[in-house]
1. With a 10 Å radius around each residue's Cβ, average the other Cβ atoms per peptide and rank 128-141, 70-83, highest first.
2. Roughly speaking, what is the stretch gain from residue 168 to residue 37, that is 0.36 nm per residue apart minus the C-alpha to C-alpha distance, in nm to one decimal?
């Protein structure tokens, strides 16, 4: 019975995604040095993230529905680890996934699932001085080639911004 209900909910979710597709694909990325750590926030449209993960054979996450996949955080962390990387001063860094939060629960009416967002919180530990940061992302862009990731990086009192997309998946800034 539980499997049947999951299939029905998956079909309902999939059909609602098709009905409410938005016309632009955007991810926001905020990176900020905080003492000896780097704090990273990624904001996605919920449907974009879920569709991309479904296309890579992850189970339906059903974020914000009240029927969320119990291992959703694990699957999101795996997806991010595959498609989002950071180098600091030319060295690959281990990015730690600290969790996610949906902007609204879909079981609260009314709910337009297409406009809901997911904030993912990550961090890199043990970073004191930064001379350069290189960001690589192919998040969402494999499914939606016109996707853009707007990156804002803050170190000390200096802020740098750039956009990553299908043609430019990597960018490096110096401080």
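1. On the way: 128-141: 17.5, 70-83: 15.9.
The densest-packed peptide leads the list: 128-141, 70-83.
2. Here the segment from residue 168 to residue 37 would lengthen by 44.5 nm.
Bear in mind that the values in this text are calculations on the coordinates, not laboratory data. The structure displayed is predicted, hence computed values, not measured ones. Backbone-built Cβ (ideal geometry, glycine too); neighbour counts: all protein chains shown.
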